[in-house]
Amino acid sequence: MSWDIAMILTVDGLGAASIYLLAGLGLVLVFSVTRVIFVPFGDIAVFGALTLAYLETGRIPPTIALVATLAALTVLVEIVRLIRQGTHAAIPRTVLNWGLLPLLPCLPAMLLAGGDLPTYLTVLLALALVVPITPLMARLVFHPIADASVLVLLIAALVMHFLLSGLGLLFFGPEGFRTQPFLRGAIEVLPGITASYQILLMIGASLVLAALFFVAFERTMIGKALRATALNRVGAQLVGIRPAATATVTFCLASLLAGFVGILIAPATTMYYDSGLAIGLKAFVGAIIGGLSSYPLTALGSLAVGLLESFASFWNGAMKDVIVFSLLIPALLVRSHFSTHAEDDAEEEV
Amino acid sequence: MTALLEIKDLHVGYGQVEAVLGVSLELEKGQIVSVIGPNGAGKTTLLSACIGLLPSRGTILFDGEPIGGLGVEARVARGLCLVPESRELFGEMSVSDNLLLGAYSKRPTRSELLARRDHVYERFPRLAERRRQRADTLSGGERQMLALGRALMSKPRVLMLDEPSLGLAPLIVEEILRIVHDLRQDGVSVLLVEQNALAALNVSDYGYVLETGEVALHGPSAELISEERIFASYLGGV
């Protein structure tokens, strides 16, 4: 392999790594706060990408119908639960929080979609439409079993993935979409080596988002509450942090990250309704390197996955995924060598 | 005078096994009430049920209102606060962050939040020295102080302390109990669970003796101390 090719592969790898970084952060966030291994992360990202493609081509995105259906279902389930509990007074608030709030982005989307929209607006609309999906689904699926074991939650997450990719097929159809790049042209980063602005945008956006993510976690009270819940669930409850509320915030953030992933990847790769699992699984490899708990290690893991994938596709394109996933074996060996098994981990195993 | 916290005929169980069998007790405003008894008497179970970590049958009234159906965070928001035996600190976070989160349920303004933290630092100068340190690097006594300080951040009306002296050096126990005693001046009522019966009775106004999930005896602390039976069974003739 010549130096030139290595550099080109590195630039490509960094582009992919930036995607896995955001997805990996989302997976670690969701797992540490709610103990859910969020398999459907990639599916949400796909919804983001396909929604953007629909908006760009002047069509009304079916995501609106999906959000509306989910909101209606959630409100129904919540009302039944409240009536059973005998707390009727909470019904109006529930309708507002779970019914009307998620529908907020649908209205401007319905009014604006179909026209020729500027890029920033399509991106904003696509993000806003994707954000309610995860918290609504999570409320329906994970909330009733929030205290179940990690394995049960994982199975529920897997089912949710199949359901979402099925819904993807139903709503968006089988054909693939690729959106317009946000930036055209390329820049010579080193003599003879060019990187497209689009890839630089991916890398830059991902780094900025990751940095914002860290600042929010370190500095804001809600970020501290999320960290506290991840560190010590009982302690968090004792200071008055509501696990259900932190879970909802977490899923909103995960949804937002997934939306960004979808929007950043859509101009680079053709996205199909079932492209999500591969993104999610590769990000999962990065997150596993971070032990599903450490954000900096997850960032390193995502970098490793992105670069390895890029180089592997050069060495042996057909074996690319095999090579990436085999990274799990040394990662798990090293982790199991250095980790001490805490007692509460043992409790959660079935 | 109505009690601030009133527990009537409370039953708490783990599955089939009942650990608390029909306990009734009262805590009045500004009072320190101790619950003493041997290991396995159901003391910790009682507190866990009061804060809502364990489901229970019976009545729990807080300021005259039933709170038995509320979640933990709703009880905390009303001013009930538990410092459990295991402290339940946020180990990887700084002392300061642990304290700030203590006031989470009350959502005070930024200036009020910092004022409360400074107040806790005044009460526990040791925590002020360690403010940037991670909670899991603190000593046992400092952890207990942090747990107490975190609880005080929410300005609780009833503070429930589970074995605050457990595993601590005698000097630190003395300090902790002195602080518990001082809390009364801030208008905090304390429900103190202790195995160290003599120390608990010395700081409290009223005492309950729990035995295999039932109240075996109760009365003003001064009387309980002089009661020969307790002396023999729990104080080990100290």
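Side notes on the structure shown:
- Pairs of lysines in chain B whose Cα atoms sit within less than 18 Å of one another amount to 4, provided the residues are eight or more positions apart or on different chains.
- Centre separation in Å (Cα based) which lies between region A:1-49 and region B:173-224: 56 Å
- Residues whose amide H lies under 5 Å from that of B:Y208, counting only those 5 or more places away or on a different chain, are B:S34, B:V35, B:I36; hydrogens are built 1.01 Å from N in the peptide plane.
- For A:V159, the accessible surface of its heavy atoms amounts to roughly 90 Å² (probe 1.4 Å, protein chains only, rounded to the nearest 10).
- Selection among A:G99, A:F38, A:G317 by position relative to the dipole of the protein assembly as shown gives A:G99 as farthest towards the positive end (Cβ unit charges, Cα centre).
- Total formal charge among the other residues, if their Cβ is under 13 angstrom from that of A:H88, Lys/Arg +1 and Asp/Glu -1: +2
- Sites count as exposed loop sites when they are GluC sites (Glu not before Pro), lie in a DSSP loop, and have at most 12 other Cβ atoms within 10 angstrom; the longest stretch of chain A without one is A:1-174.
- Calculated accessible area for chain B comes out at 43 Å² per residue, all protein chains present (probe 1.4 Å; ligands, DNA, RNA ignored).
- Whether the protein assembly as shown is rounded, prolate or oblate, judged on the alpha carbon gyration tensor where a/c under 1.5 counts as rounded: prolate
- Magnitude of the charge dipole for region A:167-295, about its Cα centre and with charges confined to Cβ atoms of Lys, Arg (+1) and Asp, Glu (-1), is about 420 debye.
- With a 1.4 angstrom probe, the accessible area lost at the B-A interface totals about 1800 Å².
- A:H88/A:L190 FRET efficiency (R0 60 Å; Cβ-Cβ; nearest 0.05): 0.35
- About its Cα centre, chain B has a charge dipole of approximately 1000 debye under the convention of +1 per Lys or Arg Cβ and -1 per Asp or Glu Cβ, with nothing else charged.
- Ligands, DNA and RNA left out, the 1.4 Å accessible surface of region A:58-171 is 75% carbon and sulfur atoms.
- Distant-in-sequence amide H partners of B:G30 (H built 1.01 Å from N, under 5 Å): B:S189
- Excluding same-chain neighbours fewer than eight residues apart, the lysines reachable from A:K320 by a Cα-Cα span under 17 Å are A:K282.
- Percent carbon-and-sulfur accessible area, region B:89-155, ignoring ligands, DNA and RNA, probe 1.4 Å: 44 percent
- Here the 3J(HN,Hα) profile of region A:284-289, calculated from phi with Karplus coefficients 6.51, -1.76 and 1.60 at θ = phi - 60°, is 4, 4, x, 5, 5, 4 Hz, Gly and Pro shown as x.
- Qualifying trypsin sites (Lys or Arg not before Pro) in region A:1-103, DSSP loop, other Cβ atoms within 10 Å at most 16: A:R59
- Simple point charges give the picture: +1 on the Cβ of Lys and Arg, -1 on the Cβ of Asp and Glu, and for region B:89-155 a dipole about the Cα centre of about 180 debye.
- Cut-off 13 Å between beta-carbons: net charge of the residues surrounding B:V203, Lys and Arg +1, Asp and Glu -1: -3
- For region B:89-155, the Kirkwood hydrodynamic radius comes to 11.4 Å, computed from all pairs of different C-alpha atoms.
- Mean ellipticity per residue at 222 nm, deg cm²/dmol - from DSSP H runs of n ≥ 4 across chain B, formula -39500 (n - 2.57): -10500 deg cm²/dmol
- Accessible area of B:H181 in the full protein assembly, 1.4 Å probe (Å², nearest 10): 80 Å²
- Looking at the protein assembly as shown, the DSSP beta bridges with both ends there are about 60 percent antiparallel.
- Peptide B:96-104, shielding by other chains (average Cβ, 10 Å cutoff): 5
- Order of exposure, largest accessible area first, which applies to A:V334, A:V95 with probe 1.4 Å: A:V334, A:V95
- Cα-Cα pairs of region A:73-174 separated by more than 22 Å (percent): 48 percent
- 3J(HN,Hα) from dihedral phi, region B:120-136, Karplus parametrisation 6.51/-1.76/1.60, rounded to Hz, x for glycine, proline: 5, 4, 5, 5, 10, x, 4, 5, 4, 5, 9, 4, 8, 6, 6, 4, 7
- Dipole-positive endmost among B:T45, A:L52, B:L100 within the protein assembly as shown (Cβ charges, Cα centre): A:L52
- Cut-off 17 Å (backbone N to label point 7 Å along Cα→Cβ of A:A245), residues of region B:54-75: B:70-75
- Here the label points at A:L333 and B:T212, each 7 Å from Cα along the C-beta direction, are separated by 5.7 nm in the simple model.
The values are calculated or read from the model by the stated rules, or taken from the named source; none is laboratory data. What you are looking at is a predicted structure, and each value in this text was computed from that prediction instead of being measured. Note: ideal-geometry Cβ built from the backbone for every residue, glycine included; neighbour counts use all protein chains shown. Heavy atoms of the whole protein, side chains included, go into the accessibility calculation; ligands, DNA and RNA do not. Shrake-Rupley method; radii C 1.70, N 1.55, O 1.52, S 1.80 Å.
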